[in-house]
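Pasting a structure below so you can have a look.
The values are calculated or read from the model by the stated rules, or taken from the named source; none is laboratory data. This is a predicted model, so every value here is computed, not measured. Glycine also receives a Cβ, built like all others from the backbone with ideal geometry; neighbour counts cover every protein chain displayed.
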Amino acid sequence: MPAPVEPPIETPASLPEAYAVLADSSAEDPVTPIAGGTDVMVRITGEIGEPPRRMVDLSRLRELRGIAVDRGAVVLGALTTYTEIRRSSVCREHLPALVEAAATIGAGQIQNRGTIGGNAANASPAGDTLPVLLALDAAFEVGSNRGQRAITADAFWVAYRRTALAPDELILRIRIPIGSGRETRFRKIGTRRAQAISKVVLALSWVDQDGPPGSGRVAPIAPTGNGPIGTWRDVRLALGSVADRPIRTRATEAVLEAASPTPEIADAAAEALAGEIHPIDDVRSTAEYRRVVAARALHRMIRDAGGW
Amino acid sequence: MGEWRFAVNGEAVEVEAPGMRRLLDILREDLGLTGTKEGCGEGECGACTVLVDGAPVDSCLVPVCQVEGARIATVEGLATTSSEGPVLDRLQEAFLEMGGAQCGICTPGMLMAARSYLDSGGGPDEVAIREAIAGNLCRCTGYTKIVEAIAVAAGGPG
Ligand SMILES: Cc1cc2nc3c(=O)[nH]c(=O)nc-3n(C[C@H](O)[C@H](O)[C@H](O)COP(=O)(O)OP(=O)(O)OC[C@H]3O[C@@H](n4cnc5c(N)ncnc54)[C@H](O)[C@@H]3O)c2cc1C
Ligand code: FES
Ligand code: FES
C-alpha cells in the first residue's frame, strides 16, 4: 500500500475564514474541503485517482451544524452525520425515509463520521441519501465569498461525479420541505446489510390526495384492504446506481401520477421503470440485475402502499 | 505542520505533524501505540477502530487536525494497573475465555467497537451485538465466538 500523502490543510474556525481559504480555488487548482473524511481520506493514498493537493477542514464550522425546523422545512447543516440523523427526533418524525437511508450507510464507524453534505458533494451515483433528497425535492443552500444561492436537488448532480457547485463554493445547509402530507419510501439493495455500496437504491414519494391532510406518515393507505384506495399526486421516483448520477425517472412518475396503487398500476409502473433506466455492468452488479431488481422493488413499494 | 493537542487514554498529548496525517499513523508512529492495527487503510475492515469522544471511528479515515481537543481511547487503555500488575478489562477476559481472538489482527478494533457498545448500555442481545461490530471484519473466527464473548462481557450466560 502506498504511503498516504499528507496535503497541506487549513483549519478555519469560522465560515468567513473558510471562504477566504477557498477564494482562489479553481477547477485547475482546487482547494478540497474535508468534512467527515470518509470519502476523501480514501483518496489520499492516491490509489483511486489523484489525491487532493491542498485542503480545507470544515469540522470547526459551527455554521454548518445543527438540525432545525424552519418555515415548513427541516434544515440540516451540511456537517450533520448519519448518527445524528438517526438519533434526531426531528428527522425521525418528519423524515423517516432519510433516517432509514442513514441506517444503511457503511457501519457505525462510518455513520459516526460521514456527513450528508459530504454524500451530496461527493456525487457518487451510489450515494444512498441522494435519491431521498431528490424524492423529497430538497434544496441546497450553498455559499462562497461571492454570496449565497440555492440549488434544487434535481439541478445539483450534473454529470458523473460532478455537481453544480463552483470550485470555491460550500454546501451550507440542506432544506427539505415537510408537512404537505407527503409519503416516502426507501429501499436499498446491496450485497450485505452493512458496509455495502448499493447495487440499486430507490426512493418513492407522493401526496395522497384523499388521505388525511398534513399527516405524512400514514401507511398503508388501505390498512384493512377494503377501504378506498387513494389517488396519488405529485409523485417523485428517484434512483441511484442506475445511471452516471442519481436520477428522477419522470416517465415512470407519469404512470403513477393521478393513479392509485392498484395491481394494474404497479405492473405498469414496474414495466415503465425497466424501460426507462439504462444501468451498466460493473464490479458490483450487472445491468440486467439492476433493471429487474429496480422494477421489482418499485412494484413491492406500490403493493405495500396499496395494502394488497 | 501544526501542533495538535488531545488526550489519549486519559493522558494529554501534544504532537507536531501535518494536519492531514491519519490518526492511525499518529498513534502508531508518533506515539508508539501499535495496538491499533491497519488492515485495509480505507474504512472497510475496522481493524483501526478507536473511540473519539466515546464514539467508534476508523482511525485510518480521521486526519489529526480533526481530533484537536478530543478524547481518544485505544486498546492500550482497556487494561488497568493494580499493585499485582495489569488487570484486563472484562471484555478482554471474555475474549480469552470464549476464544474470541485467533490471529489477533481484528481484535483491538473489535474490542474498541464492543467497548463503545457496552458503554452505551448495550446488552447480550445477539442481533444488537452483530450490528455493533458490523464495521469490523474478522477472517479467522467466523464471528460466533466474538459475539459470544461480547455477550458474556455484557452479563449474558457464558
Ligand atoms: C467503508 C465505507 C462504507 C461506505 N458506505 C457507504 C454507503 O453505504 N452509502 C453511501 O452513500 N456512502 C457510503 N460511503 C461513502 C461516504 O461515507 C459517504 O459518501 C459520506 O456521506 C461522505 O461524507 P464525508 O463527510 O465523510 O465526506 P468527505 O470525505 O469529507 O467529503 C466528500 C467530498 O465532498 C466534499 N465536501 C464535503 N463536505 C462539503 C461541503 N459542505 N461543501 C462542499 N463540498 C463538500 C469534499 O471535498 C469531498 O470531495 C462509505 C465509505 C466508506 C469508507
Ligand atoms: S484500516 Fe481502517 S478500516 Fe481498515
Ligand atoms: S482473529 Fe484473525 S482477523 Fe479476527
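Scanning the range A:20-63 for residues that are near ligand 1 (Cβ under 8 Å from one of its atoms) and either more than 14 Å from chain B (Cβ to nearest Cβ) or in a loop (DSSP other than H, G, I, E, B) (or both), which turns out farthest from residue B:60 (Cα to Cα)?
The selected residue is A:58.
Name the pairs whose Cβ atoms lie under 6 Å apart, with the first residue in the range B:31-58 and more than 10 Å from every other protein chain (Cβ to nearest Cβ), the second in a loop (DSSP other than H, G, I, E, B) and within 11 Å of ligand 1 (Cβ to nearest atom), and 6 or more positions between them or separate chains?
Between residues of the range B:31-58 that are more than 10 Å from every other protein chain (Cβ to nearest Cβ) and residues that are in a loop (DSSP other than H, G, I, E, B) and within 11 Å of ligand 1 (Cβ to nearest atom), the close pairs are B:39/B:45.
If we only count strands (runs of 3 or more DSSP E) wholly inside the range B:1-109, which ones have 2 or more residues that are under 29 Å from residue A:105 (Cα atoms) and within 16 Å of ligand 1 (Cβ to nearest atom)?
Filter on the range B:1-109 gives B:49-52, B:55-58.
Of all residues in the range A:19-59, which are within 16 Å of ligand 2 (Cβ to nearest atom) and modelled with pLDDT of 95 or more?
A:36, A:37, A:38, A:39, A:40, A:41
Does residue B:74 fit the bill of being facing chain A (nearest Cβ under 9 Å), touching a residue at least 40 places away in the same chain (Cβ under 8 Å) and either touching a His at 6+ places or on another chain (Cβ under 8 Å) or of a type in the set (Val, Ile, Thr) (or both)?
When the stated conditions are applied, residue B:74 does not pass them.
If you don't mind, there's one more thing I want to ask. Going by the structure shown, is residue A:150 touching an Asp or Glu at 6+ places or on another chain (Cβ under 7 Å), modelled with pLDDT of 95 or more, under 21 Å from residue A:71 (Cβ atoms) and away from ligand 3 (no atom under 16 Å from the Cβ)?
Yes: the conditions hold for residue A:150.
Follow-up. In the range B:132-147, how many residues are part of a loop (DSSP other than H, G, I, E, B) and either near ligand 3 (Cβ under 8 Å from one of its atoms) or closer than 10 Å to residue B:100 by Cβ (or both)?
6
What do you reckon, is residue B:104 at positive phi, more than 16 Å from ligand 3 (Cβ to nearest atom) and of a type outside the set (D, E, K, R)?
no
Restricting attention to the range A:81-118, report how many residues are in contact (Cβ under 8 Å) with a residue 60 or more places away in the chain and polar (S, T, N, Q).
Selection size over the range A:81-118: 2.
Still on this structure: Identify the residue in the range A:25-35 that is touching a residue at least 12 places away in the same chain (Cβ under 8 Å) and not hydroxyl-bearing (Ser, Thr, Tyr) and, among all such residues, is surrounded by the fewest Cβ atoms within 10 Å (Cβ to Cβ).
Only one residue fits best here, namely A:27.
Conditions tested, residue by residue: (1) surrounded by fewer than 23 Cβ atoms within 10 Å (Cβ to Cβ); (2) within 16 Å of ligand 2 (Cβ to nearest atom).
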residue: B:67; (1), (2): no, yes
residue: B:71; (1), (2): yes, no
residue: B:82; (1), (2): yes, no
residue: B:93; (1), (2): yes, no
residue: B:99; (1), (2): yes, no
residue: B:105; (1), (2): yes, yes
